[in-house]
Amino acid sequence: MKAIAITPRVPDSARLLDVPEPEMNNDQVLVRMVRSGICGTDTEMNSGAFGEAPPGYEYLILGHENFGQIERVGSRASRFKKGAYVVATVRRPCDCLNCAAGESDMCIKDAFTERGIRRQHGFLAEYYAEYEDFLIEIPAHLREVGILLEPYSIISKALWQAWKIQERMVWKPQTALVTGAGTIGLLAALALRARGLEVVICARSKRGTLNSMLAQDMGATYVSLQDTPLDEIPRVMNNRVDVIFEATGHGPTALKTLELVTTNGIVLLNSVTSAAHRVMVDSDAINMRMVLGNMLAVGVVNANRKYFEMGVTAFETFQERFPGILERMLTRRVALQDFSIDLLQERRGVKTTIEIHPD
C-alpha cells in the first residue's frame, strides 16, 4: 500500500512509499483511511527536529490527525460495523499508573508510543489496524469535519482542565485571549465562544485573511500584531484577561502571556516550541504578579479518549451555532498520490488534508 513516511532525524526526508499492508489480529479492526491532516508537528518532524521509527524500521509513517472507515472487523463481537466512521486516539499506553487508568496523555514513565510521532506508524497510509479501545465512532453527519477532531481533542482537554482547576474559587470568566490563528487557535476561539466568553484572537497576519474572517464570523475580535503589539492587547479587552490559550509555537510569545493574564486568570500553554529563542525576563516581577494574583499556567499536550468523545459533542454544538465554520477551515485537499514535500515545507491556508480514500 501507499504511505507517506520520513526517515527520523533526517531533514526533508518525507516521501511517498510502497509499504506492507498492516497485519491484523482477531482483537483488532482494519481501518480504511479516508483522509489525514497535516500540521506543524509533521512539518517539524520532516525538518529533523524529532520523531522515532518503530522497532525494526528505518522509516516512520507520518500522520496523527486521522479520519477513516471500518473496512473489516476481527471478531463477531465487534461493536463496529463495516463502513462506520472512526477517529483513532494517538497515544498508546505503557504500564504506568496513569496509562493503566486510561490517561496515556499523562504518562509518568515517558514510555508511551505515539502514532505517527514516536515508535508507532501513523495514519498517512491507505490502511491501519487498531484495537477498538482506541477508536471513537463518528456520526455520519460529521464526516466532512471529523478530521478536525484530533486537533480539537487537545482543546477539549485544555478547557475541561482549566474549568476543573478553577473550581478552587468562585470563577466566572468573561474574556479570553487566543494567541495564534492557525487550526488550533481558531478551534480554541470557537470553543471559548461556545462557552459564552468574549474572545480576542491575535496573530501576525493582517485583517482580510481567511483566518481573520473565520475569527470574526464566530463572533471573536481579530487583532493583527502588525497593528497592535501583544502587550497592548489587554487594553482592547478593558484590561481583563481571564483565560489565555497560547497556540503560536513561539516561545517568547508563550512566556509573554504570563505577563498579560489578570487576577485569578489561567494560561493554557498548548504549543510545542522546538526552536531556540532566548529572551531576558524580569523573573521576580513575573513571579510576584502570579503569586499575588492567584494566576496559573498549565501545560497541555495530547488527549485521551474522553476528550475525543467530548469533542464529538462539541462539534454538534458548533454545527448548530456556527454553521459552516468547521468546513471552511478545511482549505486544501491533496490526493495521496499527489503528495510532494512542499506541503510540509510551506504550509498554506488553515488546514491541509491528504485525501486517501475520499467518500
Using +1 at the C-beta of Lys and Arg and -1 at the C-beta of Asp and Glu, which of V300, N98, A335 has the Cα lying farthest in the positive direction of the dipole of the chain?
V300
Cα centre as origin, Lys/Arg/Asp/Glu Cβ charges: the chain dipole, Debye
600 debye
For the pairs K157/K351; K172/K306; K109/K172; K109/K306; K109/K351; K81/K109, note any where the Cα-Cα span goes beyond 29 Å.
K109/K172; K109/K351; K81/K109
Average projection area in nm² (convex hull over Cα atoms of segment 153-299, one quarter of hull surface):
8.5 nm²
Sparse-neighbourhood loop hits (trypsin sites (Lys or Arg not before Pro), segment 54-150; DSSP loop; Cβ within 10 Å at most 12 others) -> R76, R79, K81, K109
Over all Cα pairs of segment 221-359, how is the pair count split among 5 Å bins, expressed in % and running from 0 up to the last occupied bin?
2, 7, 11, 14, 18, 17, 14, 8, 5, 2, 1, 0
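Determine the calculated [θ] at 222 nm for the chain from helices alone, applying -39500 (n - 2.57) to every DSSP H run no shorter than 4 residues and normalising by the residue count; nearest 500 deg cm²/dmol.
-7000 deg cm²/dmol
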Out of Y127, I244, Y85, whose Cα points farthest toward the positive end of the dipole of the chain (charges: +1 Lys, Arg; -1 Asp, Glu; placed on Cβ)?
I244
Dipole of the chain, positive end: most advanced residue of N270, M33, A188 [Cβ charges, Cα centre]:
A188
List the lysines whose Cα sits under 17 Å from the Cα of K206, skipping any in the same chain fewer than 8 residues away.
none
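For segment 1-100, which GluC sites (Glu not before Pro) pass both filters: DSSP loop (anything but H, G, I, E, B) and at most 16 other C-beta atoms within 10 Å?
E23, E58
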With Cα coordinates, the longest principal axis of the chain makes an angle with the long axis of helix 183-194, in degrees rounded to 10, of 60 degrees
I need the trypsin sites (Lys or Arg not before Pro) found in segment 196-273, filtered to DSSP loop residues with at most 16 other beta carbons within 10 Å of theirs.
R204, K206, R207, R240
Pairing the Cα long axis of helix 283-292 with the longest principal axis of the chain, what angle in degrees results, from 0 to 90 and rounded to the nearest 10?
80 degrees
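A short reminder: the numbers here are calculations on the coordinates, not readings from a lab. From a predicted model like this one, the values you see are computed outputs, not experimental measurements. FYI the Cβ positions are ideal-geometry reconstructions off the backbone, even for glycines, and counts take in every protein chain you see.
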